[in-house]
Structure formats: C-alpha cells, structure tokens
1. Any idea how far apart Met1037 and Glu436 come out in nm if each label point goes 7 Å out from Cα toward Cβ?
2. Around Cys416, with a cut-off of 9 angstrom between Cβ atoms, what is the net charge of the other residues, counting Lys and Arg +1 and Asp and Glu -1?
3. Compute the length gained on full extension between Arg653 and Ser112: take 0.36 nm times their separation in residues and subtract their Cα-Cα distance, giving the result in nm to one decimal.
4. Just the number, please: carbon plus sulfur as a percent of the accessible area of segment 769-907, 1.4 Å probe, no ligands or DNA/RNA counted.
5. Please give the per residue accessible area of segment 128-206, computed with a probe of 1.4 Å over protein heavy atoms only, in Å².
6. Students often get this wrong, so check it: of Lys129/Lys539; Lys462/Lys811; Lys462/Lys833; Lys789/Lys878, which have C-alpha atoms separated by over 20 Å?
7. So what's the net charge close to Gly100: Lys and Arg +1, Asp and Glu -1, counting the other residues with Cβ under 10 Å from its Cβ?
8. Roll a 1.4 Å probe over the protein heavy atoms and report the accessible area of Val239 in Å², nearest 10.
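The values are calculated or read from the model by the stated rules, or taken from the named source; none is laboratory data. As the structure is a computational prediction, the values presented were derived from the model and not from experiment. Here Cβ is always computed from backbone atoms with ideal geometry, including for glycine, and neighbour counts include all displayed protein chains. Calculation scope for accessible area: heavy atoms of the full protein, side chains included, ligands and nucleic acids excluded. Shrake-Rupley method; radii C 1.70, N 1.55, O 1.52, S 1.80 Å.
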Amino acid sequence: MAEDTLRVGGGMMSSGLAVLLNGEDNAKESSSKSRIVPHFDYSVQRPLERTIEFVFGLPEKSVGPLDGGKVDSSLVRAVIRNQFSKVHCEFDASVSQREGISVVSHGVVGPSVVGLEEDSICGEIRTVKPPLVLESFALFSSARANACVWKGRWMYEVALETSGIQQLGWASIACPFTDQKGVGDADDSYAFDGRRVSKWNNESEPYGQSWVAGDVIGCCIDLNCDEISFYRNGVSLGVAFSGIRKLGPGFGYYPAISLSQGERCELNFGAYPFKYPVEGFLPLQEAPPRSSFATELLRCFSRLLDRPDRSLADTLSRLRRFASVEELFSPVSRAICDEFYYMLGQDPLLPEYLGRGAFLSFLLEIFRTQAPHDCSSLDRVLDVLLESPLSHLIFAHVINALAFSCKTATLTLTECPYSGPYPYLALACHLLRREEMMVLWWRSLHFEFLFEGFLSCRSSNKHDLQQLMPVVWWPGSSEDISHESSMGFTISALSEAINKIEEKQRNLCLLVIQFIPPISPPQLPGSAFRGFLQNLLLKNRGADRNLAPSGVTRNSVLVSLFSVILHFLSEGFEMLKSSETVRHNVGFLHRGGQQTFPLSLFLKNDPHRADITRLGGLFSHISKSYPTDDQEEEIMRWEEGCMDDEHSRVTHRTEQKPCCCIAYDTDLTKSLKDRGKNTAKSTRGQCSSIPERSSHVAAECSGGSFSEEIEDKPSTSNQSDPDFGYRPVRFMRTSIQESRISSAILSEEELLDSLLLLYHIAVAPNFKQASYYMSQQSQSISLLEETDKQIRERASSDQLKRLKEARKSYKEEVMECVRHSAWFRISLFSRWKQRGMYALCMWVVQLLLILSKMDSVFVYIPEFYLESLVDCFHVLRKSDPPFVPSTTFIKQGLSSFITFVVTHFNDSRISNTDLRDLLLQSISVLVQYKEYMEAFENNEAATRHMPAALLSAFDNRSWIPVTNIFLRLCKGSGFSSLKNGESSFSSTVFQALLRDACINDCELLSTFLNRLFNTLSWTITEFSVSVRDMQEKYQVMEFQQRKCCVIFELSSNLARVLEFCTSAIPQAFLSGTDTNLRRLTELILFILNHMTSAVDDEFFDLSLRRQGQPSEKLSRGILLAPLVGIILNLLDASEEDTKQKQQHDVVGLFASMDCPDTVYCGFQYLLEYDWDGCVSGDDAYVKKLGQLASFLNHLVNRTSSQEPARIEELFNKDATDLDDNTCCICYAGDANAMLVPCSHRSCYGCITRHLLNCQRCFFCNATVIDVIRDNEEEDN
C-alpha cells in the first residue's frame, strides 16, 4: 500500500491516469516511470499504434504498424512481452543490490522467505493464521526471525491483535530466552513495550505511547548510525536506543518478539508492502522481482477506464480516433489480465505481495474511497478479472488485506465521514455481492478470523483522542467560547463517521446471512452467520472474567456485532423469509401483539452453551431435578403487556406508546451545555447519548411475527403455582414446532439470545468504563474549580506556583476525561441504540416474568439474561442527557421491570446470591428518586411482596442494600433528620405496609430485630476497634480512614432503621417478653459508651474527615440523633398506651442497668450535645430535648431509690455463696428453664436470646428441641 497515488476530487487516482487526464505539464513532472509517456498533440490525427503506446506508457513510435488496423488480445500481449517488458525490466535492473542482511532458508528451494526461526522459540508460540499471525500459549514466550542484519537500515512491522504485554524489537543471537526473560532483558537486546510504555535493554525506561489493539508498530534499526527507533501507526516515537554495539556479518541483530500469555500479533517482514513505510528503511524480505512490472500493468489498466471525471472516450475523440471505448477496452484489458495472471502463477510470493499492496490500491482507486463510489467502473474491471480461473490466487489475498485494513485503519477527523475502516468495508461489501467472491471467502480456512477483522475497529488511546478532538469544552469551562462550537462540530463529524462504518458492517453481515453455502445437504439462509456467531460466543465465553482466557476476540468485534444485531432486531430487516411471509418490515422488538419464544434455546444443552450458568445452577445439575425431554420443542406464546397492571399497561399496540416509539430529538449544543447539570444528578452516571439524525423505528409498532405461523397444540409443560408472581399468566400458551426444517432457519429469537450474551461480555464493560470516566470528570472539574478559587484568594508566590502546577494537572485530567466520555457517547449511545436497548429491556423482562411461572423452565434461563437486563436498564436510566424524561421512563414501558425485581430478589430458584443482590441493589438505587418511588407505590407486586421480602432478606449478606432501602422508605422522619438537604420525601405507603407486615408476622419481626441488633452491635465494635487502632499508632491511613467512614455511616443508617421500628411498632419492645427492650437498652448504652469515652473528640473527627464530605457527616451527632429518637419514641408510646397491661417500664429498665454512672453520663452527653448542625433548624427538637431531660430526671430518681436495695443485694452476694438455682450465664436471674433433651438449666431470658442466633445448648452443644419453663412443669 506504499504505491504512489494522487487524490483528485476527493478520490484516489493512479499517477499514470493523472498523467493522461492532466496533460503535458503533469507528464513532465511525473516520476521516472511516467516520463516515458509520450507527448500528444491533440490537434493532429494519430494512428491506432500511438494510442496503444499511450495506454502502456511507451515511447512514441515504439509500436510498429498494425496489420488490418485491428487490435486483439494476442497483439496486445505481444506488445506487453516485448516493448513494455523491455522498458520496465531495464528499470527493475537498475535497482541497487541489498547488502548487510542474511536470511537462513534451511534448504528451502526458491526465494528467501523471512519468518520465525523455529529453533529459537522459547515457550509456546502458535500460528493462528499463516503465515505470521502468532499467539502465545505460555506465560511468556519469545522467538527470533531467521534474518540477521549487520549493515544498513532495516525495518519490520507488527500489527497488534491484542494490547497486552509484548516486547518487540531486535536481539543478537547471544540473547538468552527463558520463561521469564525475553527481548530487551539482556545486552545487545532492545525492545519496546507499549502496555507498560517502556523501552527495555536490561532495565526499563519510560518511552513512547501506550498502544491499543489495531496499532501497527514499526521496528527500525539504523546500523549506519547505530540507532533503534519505533513508530506507532507511522508516527515516530523517537530514538529509543543509540550507540548500540556494532556486530559483524552473521553475528548481527535479529527481529525478535516476546509475548505474554494470550497475546497475539501479526508480523510483516516484507511479504507484502508495509502499511506505514519509513523512508530510507528497507524490508527484511525482498519484494518479488516481477512486482513492479505487475504494478505497471495495473496502471495501464487504469488508463482504459471510462471514468466520470475524465473519460477515455473524450480523450480518444480529441485524438480523432474512430475506435470505440468498448472496442479498445476488451482486447487490451483481457491481454493485461492474461499476462498478469501468468506472472502470478510463476511466482508463489507475488499474489500475496500484490493482493495486499498494489492490486488492492488499484481496486480502491477505481472504487473511490469516498462516496459516491464508482461501482460501474469497478464492476467492469471485476468482470474481466474474474473470468480467469486463476483469479482466486489474487482475490483471496485481497479479502485478507481488506480485513487487515479494517483492523488497523485509523479514524481521521479531516477525512470524516468516510474515514477509518469505511473505504475497506465499502469495497468488501461490493466485492462480496458477487457469489463467486462470497464462496471464495467462505471456503477459506480462516473465514471466521477474517469476518472478525471486518467487524474490528481500532481503539483510541489518549494521544489518538487528542488528534480526534483537538479542542474540548465542558460546562463551566473558562476556555474560549469558540471551543464549544468546535467540539460540537467534532462530535457531529465523528458521529457521522461511526454511523457510516456501522452501516457498512450491517451490510456485510446481511450479505453473510443471505448467503447459502454450496454444500450438501442443502443449507438455509443464515446458517453461515449462525455458525460464525456460535463459534465466536463459544470462544469468548470467559471474556467477562478479570483474567480472560487465551484466544478471546477483540472487544470492538463483539461490540460491532452487538450493534449489528440490535439494529436488525430494532429497526427491522427482510432477509430470511419470503415476501409472502413477512407482511410488515417492523423491528422484532417493536412488533407488539402476540410474542413467541422457543424453549429449546434454554432447554437444549448445545455444545456452544454447555458452560453457561443458568439461574438454577449448571445444566447438568438442573437436568436431574427438571428433565427437559418433553419440553424442548415447545414454543412459549403470550400477549405483550399481559404481566402489567391493566390500568398502567403500555404496549406497542395501546394508544399510549412506549418510550422506544417516541422520538426525543436532542439538539447537540444543548446536550453539551446540559451535561454538567445531568451529570450532577447521578454521581455514577453511565455514558450519555449523543444526538444524531434519527433512524426512527416504524411509525406503527405492530405487525406480523417473523416466524411462520404454527398450529396451536396442547401444552405439555408443567406450570407451577405462581409463588413468585402476583398475577396469573393470561394470553399465554405453548405449542409444538411443526417442522425441524423451520427451526434450522436463523430466527430473531436466536439473535436476541446472542445479543444479550454480547451485551454481557462486551458492551457492559464498556459502559462501566464510560461511567468511570464520567465520574472522574465530575471530580476533576470540582478540584479544578476549587484550585481556581484558591488561586484568586491567595497572594503568596510559593503557594501560587504550587496551585498553578496543580491546576495544570487537574485541567489535563478534565480534558482527558471529557474526550473519553465524548468518545463513549459517540461510539456506544446513538439515539437508535437507546431506542433498541429500551425495547430490548421491555421484551426480556416480559419473557422472564412469563417463564417465572414455570419452575421447570425458569431455572434453565441463562444468568446473563438477568444481568444484561438490569445493567441495560440502569444504563438507559442514567444516560446523559436522558433518553427520555425520568417521569416517563418506567411508566411508558418498563413498569414490569419493577414487578420483576420486587418478586425475585429473594427468589430461592435463583441459585446465585450475587444475582439476587443485583436485583436488591436495583431497588436500593431506584427508591432514591421520587418519580421511581411513586412507581413502586403504584405497582401491585411491589406493595404486595416487597415489605415482607425485605424483612426476610435482612441477613448477613444483604443487610446493606436492605438497610438503604428501609432508610429511603422512612427517610425524613424522626429526630435523626439532618439539617440541610436531606430529601424530605419518603413513602408513607410503604411505612404502613412495613408496619402491617411486622404486626402480622411476629416470627418474621423477631428474626429481623435480632439480626438488626447483632449487625448494629458488630458495626459499632468494628468502628471502635478501627479508630482505637489508628489512635494507638497515632496515624491516619487513607484506607483505615475510608473504612471508618463507611462503617460509621452504616452504623448510623442501622440506628435510623431501628428508630423507625420504635416509632412504627413500639409494641414490639413494650409488650410481650422484655427481650427486645432489654437488648435495645443494652445496645443504646453500648453505643453511648463508645461514642463518649472511646477516643478524644479531635481524633474522632479526624478519622471521619473525608474530602468532599458534607459537614454534617463529620460529627458523631449523625449516630447519636437516632438514639434520642428511639428513647423518645418509646416514651411517647408508653404515654399513649398507659392502660396497656404488662407493658414494660422503660425508665425502670434503664435504671436496673449495672452501670448507673455510665447511663447518666451518656444521657447527659446527649442533652449537652450541640445539635444545631445535625437536626432540622426549627425549634421542634428543643421540645424533644425537654422530654429527654425529663426522662433523665425520672431515671436519676428511680436509680436513687433503687440504690440501697442494690447495695444490699451486692453485699449479700459477696457475703454468701451464690444460690445453686442462679443462672450461670447472667448471674442475675433464677435458672427457671430447662433445655431439652440435654436437661441443662439457665434463665429463660438468656436461653431465649441465645436461641435467636444458635439452636445448640450453651454447655454441651447438643441440638435444642424444646425449652421447658419451671411454671410449665408445675402446671403439668
């Protein structure tokens, strides 16, 4: 691709064609090859011989008179083999000889080929695709090439298939390779590693830029100047090593590479032209000797074309010739092709060299790299080229080169929108429309590898984004106002370029889907695409792990495939059915009406799905409990929206349409201006959408199903009782598939299944990364603004210097984050993708709700269905700017999502507790917003199931999200309301429902309170230990400080939940046994003791101080306030229900504690605490503190009256031995209960509390069956 080309009118044109069209002046200024083109005087009639000389660039009168005045192929071939060959062979002979290189051939007959020296390989390096696409299957593998250089200037290129740890460079034969040392780890060994951005020669030093998959690294060695340098995509990274040691012939430097496990790259030593040749540096492998001759033949071919810009017919008419273009084109073009293919057959290295170089450039020049493409001229050339049975020799390499070019193409702002891989994809699509070309590609051993190449897009690092977005702007930026419009223009241009690329990728996939492989037995449309898709997903099933296995595909391939399939399912396509079957070209996800889904996608244990974890566990385990033989061929049918409440149902066929069918076009400038505002709403915002020209879904979201109509037959499925649903399934039925053949057609349900897996393994991680950059951008902007403020306020020169340095660093961070965030918005979140993802969520959640009614099917659903649904939902919800207003996001299409999460976050059929936690966390996030809280309140399933399910879910694993949910439902009530900014909205509906759930299920309430007491006690202990540890070391470590802050906030939240319990259900503490009240009293005193005497105030505040934390969260009042609220709630309840018999005495219980001084000091501390910064600003809390003071007075009086009796009791205990009937656990009560069956005795209170957490005996560890109290024995 290093061929010389000219650009004319936005397209590329060969230099020979430019000479023809531009006349004498350009001819005189051309290269040495072009100067032999004769000068024509258009005013004089010329014979036909002169025209042939002109086409082949021969000197005038070099072709003798033609007999009969006719031109045929044999005559033209004679001209080529004589006059034309003589001129260009003389030119080839003038090329200087290569010196300073030696290639070891190992007895191979023929021209020297540079490749890997097999004996030099250390580790395990395999050839993924011949000749030199390599992958390491060992932890660290190294190898040398079989070429040695000691003089001159040489280079080779490495195209990165992955972007991990690779060391590329040069090494002498003395460099040792081991499983830990490779290129650059010894003397006379030099390497560059773009992952670690370092150069290596025994030791590493910073050098170069970080690389990404798709980069082409040029490794150059200049033995004239003793230097080694590296290039990234044609851009010099500077001299890496200078003064390298000179070595003699046979002992020079070898190209060498070292790869970590799973790393892949493609080496080019000169087998085909370099993508980015460096002037003055030669390839290690010499070009085939006839390559320049063949290239000149292609230039001659170009002169024959009837181009729109300047036709040969016009030229010939000016030459006053009578021969037509057709008359001249046919014999000359066929003669050129015959001679061209003859040369290809003579030299086995020539087809690859030309197919990946001059021949590809020739096709691109004819086709034009930018629209409008010259399809007619290219078709004319292809008709001639494909006539030869040897055409496969060159076109196989053309397909290879196009796939390679897509992987390595660089997106350039000045070439948008036809930039990056677009021209190569466009040419590939045009070529593959021909059946013979598609068959040639499909028969290739590397069909899938090349397909992945076509779907690849080179990633962009920091430096690439700087080139793409030279000017950035963000809300509040102090940059010039022109930066805003410049960035808006840049984003628009890049968005259009991405759209063009994605369009061509869809066209290519459509061609593959429509292709019917010519094999037996006969195949159906889509079989080739299905095979590719299944193998791709099988290969990448571990791509979502932290350490991905070897051989995984580039993320860009998976993301591109996701976009292709999403567009097919959302925007609609006609490909697999006849026109009679497909009645409406409506996207599968938007059709509405009756929905269908084949259960075989879940119930068949296909090889490519064998390792996929299901909701119920592994397939092999589930199949033992739920056999699938009688259900595999069933199809589930239901009506869209059948699981929603009738009054709120929104479907594609109701009058009110879902959000995915409503166009919310957003002005680009407005979206840029609003980014700061939108980001502020969500501290963990996902990447946002970008405006573009809408690719609307069909106006009427209704129509026929993609699948053939199947006759209804009786269902054989076993439907379980709706334990986890709130509504019987209506309009749902199953039927048996009529024909095995119809199931072989690539169905939209299959594509939906693959789409969800692609989202899970490839798209979701990108959204996570986008969320990181957006969050980091918000933090960096805050730091930058704070630094600007300090610069304006401070006058000290030393401080100003430090502040300006910090400002520069913060500004660079902001600009980097802005660029990355913008790129993610451009590449991932166009409007049509948002609409498709919204419809996808609607479809999947309805499917999950339907199948949740069938235990035997629900457990087989892959986990990635649920994970993708939840992640996709929250990505859309947090998009910036919003896809739709938050007030309609759930109401108009996704109310069923709430139904699903509230009925399944505690579903025991979901074996993976992480998945249940994911659903619980979704609830925790949603209830923080008023509009979503209202959606929960209006959802029948939520009001029926959620309160009791939340109480039962409060356990050792899920207590944090459950606590957050409780806190939001009850927020803003009680003494613990913060002073500034705590949202006042809470849910009175769910407060009442929680109260009813507790009252109606005493056992559930008892279990919940026990876990709440234990958890709060644990968090307070952990906090106290952490603070004391820092105090003893007298240093505040960042990790420990962060841990203290988190634990303290969790403790405060738990205390506030406990405060709500005492307010909503005080009878749980004041009636019945005194266990709950006693434990509550002990816990309050435990907390007061740790908060008032554990550490000094200064160190306590220091342990909680975090940058950016609200001031009210820095004080211990956030934890003390709920304690006050708890006591006042109990006092209020006692006063309101004074007639209640057997009501526990709150004051008396506090007074009975063994530490009256601690009790008094604690309550006195509460009274004297400065509450102004912790509670609401009105005077209501003053009145409440008056109640607390009155309570303390009663407590002091009660304690004083009980003191003589307490002293006498203690004296008696010291004076005499303990009674044999005293409880040996608490030593405070009588041992009035016996454990069965072991007969050990203790007091009933101690036994009751112990059994809340453990069902074994204190003393012998026997399992307790029953507890018998003494009064029960007397009654018997």
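1. According to this spin-label approximation, the distance is 7.3 nm.
2. Working: positive: Lys500; negative: Glu415, Glu496.
Neighbour charge sum, excluding Cys416 itself: -1.
3. Numbers: separation 541, 0.36 × 541 = 194.76 nm, distance 6.93 nm.
Fully extending the segment from Arg653 to Ser112 adds 187.8 nm.
4. Values: 1960 of 4300 Å².
Whole-percent figure for carbon plus sulfur exposure: 45.
5. Working: 2810 Å² over 79 residues.
Solvent-accessible surface per residue comes out at 36 Å².
6. Details: Lys129/Lys539 16 Å; Lys462/Lys811 14 Å; Lys462/Lys833 26 Å; Lys789/Lys878 30 Å.
With Cα atoms farther than 20 Å apart: Lys462/Lys833; Lys789/Lys878.
7. Working: positive: Arg98, Lys151, Arg153; negative: Glu99.
After counting each charged neighbour, the total is +2.
8. Taking all protein chains as shown, Val239 has close to 80 Å².
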